[in-house]
Amino acid sequence: MGQQEQLRVGIIGCGAGIFHLEGYQSEPRAKVVALAGLDTDRCESLAKKFDIPRIYREYQDLLAQDDIDAVSVAVPNILHLPVALAAFEAGKHVLIEKPLARNAEEGVKMVEAAKAHGKLLGISFQRRTRHDVQLLRQQFEAGTFGRVYYSKAWWMRRSGIPGLGTWFTSKEAAGGGPLIDLGVHVLDMILYVLGNPKVVSVSASTYAEIGTQGKGGWVGQKRQKLKENQEYEVEDLATAFIRFEDGGTLLLEASWAAFTEMGDDFGIQIYGSKGGARIFSKDYALTDTLDVYSGFGDTTMDSKPRLVATGGHAEIIRGFVNAILEGKPLSPEGHEGLDRVRLIDAIYRSAELGREILIDQEIVDAAAD
């Protein structure tokens, strides 16, 4: 971008787009100059609050503006592919809200388009920028835990289906339920901490027991319900047992609605030959979430590192801006998003078949289909 001092940004999507807007507020090298979204009232409200000069109803009109260098894309999953492809065609860098795409086939097209147009494709895995996750990553790389042979990752809601009868509960629009919505975050957290180990097999099950009753929405909010003759098309709960090439294993759980002691809690846990650790975030807590388990003489010891409240879209946006303006490596980027979507595809496939699948063989079989 040469010597340009400030990146000019457009945001497509005025729902989740607010998180990107707030993130850009803490980055002086970037300025949001335009919004696009079908909910014009919401867009106008955000434009007024954040002093954004231009609003467009159609994202194509925003992308046609020559004075926009990059876009944040925060729209329903079904639109990730067409919006990203249009943005690359228009010469924009793209930061996309998770998941990268509804499936790996779409993700591949997005990654290839970014490369073909010489533009960056970033993905908003903001949970990995948390202080507790960063500490675990550093200590894993330092060998503090020895060989990590078993791990867990979970995001469990007791009652929190995002929107019964909206695009969230449409298989076509969303690509899936809590696995692709919440599970993708904790999968990224644990795989990032473990240095992205190669997955060799997956055995999974999915369940739709609560949403199909028209229940499981957010407690205390206006009740949403399925429209007449509308089906609940996605899962409420997904679980998977994942094997890595190095012999380690991972247990994953993700739910929007389940009768459980957890309210809206996520975390990861690692079991190593020299020590272990657990992150447990209750109701999105950023501090007092990390426990470390180790030996001390002939007994055991638990410790609780002091944490600071970091992380979020601001950290992701800082990295995105650094990559564009300064040429620094982008992380997380499109290939990591594609890896996560491929794994989610495999989990859904295993659940559909009712058996374990071998990842390399599944890729061969999918290509043959």
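The values are calculated or read from the model by the stated rules, or taken from the named source; none is laboratory data. Here the structure is a predicted model, which is why all the values come from computation and not from measurement. Counting neighbours? That spans all protein chains shown, and the Cβs are built from the backbone with ideal geometry, glycine included.
Things worth noting here:
- Of the residues making up the range 31-69, those that are over 25 Å from ASP181 (Cβ atoms), small (Gly, Ala, Ser) and touching a Leu at 6+ places or on another chain (Cβ under 8 Å) are ALA34, ALA47.
- Selection of the range 290-323 for residues being farther than 20 Å from ARG128 by Cβ and in contact (Cβ under 8 Å) with a residue 24 or more places away in the chain yields an empty set.
- Taking the criterion of being surrounded by 22 or more Cβ atoms within 10 Å (Cβ to Cβ) and outside any loop (DSSP other than H, G, I, E, B), the residues of the range 205-252 that qualify are GLY211, GLY217, LEU237, ALA238, ALA240, ILE242, LEU250, LEU252.
- So GLN60, is it at pLDDT below 95, out of contact with any Lys or Arg (no Cβ under 7 Å at 6 or more places or on another chain) and surrounded by fewer than 18 Cβ atoms within 10 Å (Cβ to Cβ): no
- Note on the range 275-297: residues that are within 19 Å of GLY143 (Cβ to Cβ) and either more than 24 Å from the chain's Cα centre (by Cα) or surrounded by fewer than 17 Cβ atoms within 10 Å (Cβ to Cβ) (or both) amount to 7.
- The helices (runs of 4 or more DSSP H) found wholly in the range 280-369 and carrying at least 1 residues that are of a type in the set (D, E, K, R), touching a strand residue (DSSP E or B) at 6+ places or on another chain (Cβ under 8 Å) and under 27 Å from GLU245 (Cβ atoms) occupy 334-353, 359-368.
- Residue in the range 150-163 that is part of a loop (DSSP other than H, G, I, E, B) and free of Cβ contacts under 8 Å to residues at least 24 places away in the same chain present: no
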